[in-house]
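Reviewing the structure listed below.
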Amino acid sequence: MNLLRQAIIEKGKALSPNVLKVDAFLNHQIDPALMEQIGIEFARRFQGEPITKILTIESSGIAPAVMTGLKLNVPVVFARKSKSLTLVDNLLIAKVHSFTKGVTNDISVSKDYLLDEDVVLVIDDFLANGQAARGLVDIVKQAGCKLAGVGSVIEKGFQPGGDELRGNGIRVESLAIINSLENKQITFREE
Ligand code: 5GP
């Protein structure tokens, strides 16, 4: 995805050797045209799978997940990170440690929106240590659904999450894989 790489190079900022800031197009301001291309690319990569639902986590996973849902013509469910007045029972819950915030939260999804006949594609903005993706995969399993795979917009290849998921037999598709953020230089893993 050249467009995504270009956006990362032109608008991304390596805040430290571990953290990439992409507030200009993904985590704060959203570039809809780029999100649409991301949706098209995830839909292309997973087109052979009988996906019936997309699962993501609020808030930054929602934009790429919705665009992918639009292209695959399936609904998008997002896990909530905090308690909701309207989401109180009939819940699937998993624990997720936040890489950026350093806290552990229960994430929750209503059982109403993940049925055991669903084939689920998990989408998120970043894949770092894999906590968020593992929490979402855990919820897919609790619901008795089939997992089609995990799609991440940006994987930090120098952190273990992506390779651990692949090692567990899960299909992981990342649209850009960062090799290093050392010295504030963003380099990509060549594919
Ligand atoms: P993981 O659970 O894989 O360790 O981290 C994934 C989650 O942490 C993503 O949902 C994302 O919100 C956040 N995250 C992890 N690394 C980064 C990063 O370098 N930059 C930004 N903006 N978010 C990140």
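Straight distance only, please: which aspartates and glutamates reach the Cα of Lys71 with their own Cα at less than 19 Å, same-chain residues fewer than 8 apart left out?
Reachable aspartates and glutamates: Asp31, Glu36, Glu41, Glu49, Asp118, Asp124, Asp125, Glu173.
Go through Lys11/Lys81; Lys11/Lys53; Lys53/Lys146 and tell me which ones have a Cα-Cα distance over 21 Å in this structure. Show your work: numbers first, answer last.
Working: Lys11/Lys81 27 Å; Lys11/Lys53 31 Å; Lys53/Lys146 10 Å.
Table pairs above 21 Å Cα-Cα are Lys11/Lys81; Lys11/Lys53.
Given charges of +1 on the Cβ of Lys and Arg and -1 on the Cβ of Asp and Glu, with all other atoms neutral, how large is the dipole of the chain about its Cα centre, in debye to the nearest 20?
Numbers: 22 positive and 23 negative charges, 62 e Å.
Using Cβ point charges on Lys, Arg, Asp and Glu, the chain gives about 300 debye.
Ordering Leu87, Leu70, Leu175 by how much accessible area each has at a 1.4 Å probe, largest first, what is the list? Let's see the in-between values first.
Numbers: Leu87 35, Leu70 115, Leu175 5 Å².
Order by accessible area, largest first: Leu70, Leu87, Leu175.
Got a sec? What order do Asp31, Asp89 fall in by accessible area at 1.4 Å, biggest, i.e. largest, first?
Asp89, Asp31
Quick one: ranking Ile9, Ile93 by accessible area, 1.4 Å probe, largest first, what do you get? Before the final figure, lay out the partial values.
Working: Ile9 105, Ile93 80 Å².
Order by accessible area, largest first: Ile9, Ile93.
If you average the C-alpha positions of region 62-76 and of region 105-148 separately, how far apart do those two centres end up, in angstrom?
Cα centroid of region 62-76 versus Cα centroid of region 105-148: 15 Å apart.
Take the chain, connect every pair of alpha-carbon atoms lying under 10 Å apart with a spring to form a Gaussian network, then pick out the residue of Lys141, Lys21, Lys83 with the largest mean-square fluctuation.
Highest fluctuation among the options: Lys83.
Against the globular-protein guess of 2.2 N^0.38 Å, express the Cα radius of gyration of the chain as a ratio, rounded to two decimals. Write out the running numbers ahead of the final one.
On the way: Rg = 15.8 Å, N = 191, 2.2 N^0.38 = 16.2 Å.
That ratio works out to 0.97.
Out of residues 5 or more away from Gly151 or on other chains, whose amide H comes under 5 Å of its own, with H placed 1.01 Å from N in the peptide plane?
Val122, Ile123, Asp124, Glu173
Over region 122-191, what lengths in whole Å, largest first, do the semi-axes of the equivalent ellipsoid take, defined as the square roots of 5 times the eigenvalues of the alpha-carbon gyration tensor?
On the way: eigenvalues 119, 22, 18 Å².
Rounded to whole Å, the semi-axes are 24, 10, 9.
In whole percent, and with a 1.4 Å probe on the protein chains, what portion of the accessible area of region 2-188 is carbon and sulfur?
Numbers: 4530 of 9160 Å².
Carbon plus sulfur share of accessible area: 49 percent.
Connecting C-alpha atoms closer than 10 Å in a GNM of the chain, tell me which of Val140, Val153, Val88 has the biggest fluctuation.
Val88
Residues of region 1-118: accessible area per residue at 1.4 Å, in Å²? Write out the running numbers ahead of the final one.
Details: 6690 Å² over 118 residues.
In whole numbers, region 1-118 has 57 Å² accessible per residue.
Considering only DSSP beta bridges where both residues belong to the chain, give the percentage that are antiparallel (nearest 5). It would help to have the intermediate numbers written out before the result.
Values: 12 of 33 bridges.
Once the DSSP bridges in the chain are tallied, antiparallel ones form about 35 percent.
The values are calculated or read from the model by the stated rules, or taken from the named source; none is laboratory data. Predicted, not measured: the structure shown is a model, and the values here were computed from it. All Cβ positions, glycine included, derive from the backbone under ideal geometry; neighbour counts span all protein chains shown. Protein only, heavy atoms only, side chains kept; ligands, DNA and RNA dropped before computing areas. Shrake-Rupley method; radii C 1.70, N 1.55, O 1.52, S 1.80 Å.
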